[in-house]
Structure formats: structure tokens, C-alpha cells
Amino acid sequence: MEPDRTTEARLLDVQAELQALEPTTEDEASWEAREFFCQELAPANYLLTYTLHQGHRVTRRATLWRRVSERWQVVYHQGTPVAGANIGGA
């Protein structure tokens, strides 16, 4: 049985998204992304949501991905601070 190329492509794209979250500075090394959820909204359109912990700051992130001409494109991204989640902040 041949592997499902669509599922394989989705996994590779999620891996690319996770790699984009890899730290580029020492400060970012303490960042932690949790609670990932990916939902198909329509054919070739997916919503990826997750929570990003950046030291004392916590945000909910949402990214809309669209498959266009065999490539994935981000068509929308938003980060919303979580009220009351600034642990130890001023």
C-alpha cells in the first residue's frame, strides 16, 4: 500500500511550522508552545492554533494556512495575550 501523500505533506508542513518556532536567541530558548490543534476548515484550508508561553507572557496563536499551487501559504496570523496569565509580571 502506497503512503497517503496528502497526510504526509500535512505532517511535513506542521513540522515546518514547529521548526519556525525554534529559538533564535537565548531569550527565545525559554519559549514553549503547547496545546496544538489543527482543523481543516475547507479543502486546502487549515487553522492551526496553539498556546505560546514566552517567559511571563502567554498568548493564544492562530494561523490560517492555505494550499495554493502545491505550496502552503499563511493567509492570516494572530496572537492574543491571555488575560491574567502574566506569571510574575509587573
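Selection over region 55-90 of residues that are modelled with pLDDT under 90 and polar (S, T, N, Q) gives a count of 1. When residues in region 34-60 are screened for being within 20 Å of Gly84 (Cα to Cα), touching a residue at least 24 places away in the same chain (Cβ under 8 Å) and part of a strand (DSSP E or B), 5 of them pass.
Within the set Glu17, Glu28, the sole residue that is assigned to a helix (DSSP H, G or I), modelled with pLDDT of 65 or more and closer than 20 Å to Glu70 by Cβ turns out to be Glu17.
The values are calculated or read from the model by the stated rules, or taken from the named source; none is laboratory data. What you are looking at is a predicted structure, and each value in this text was computed from that prediction instead of being measured. All Cβ positions, even for glycine, are placed from backbone atoms using ideal geometry, and neighbour counts span all protein chains on display.
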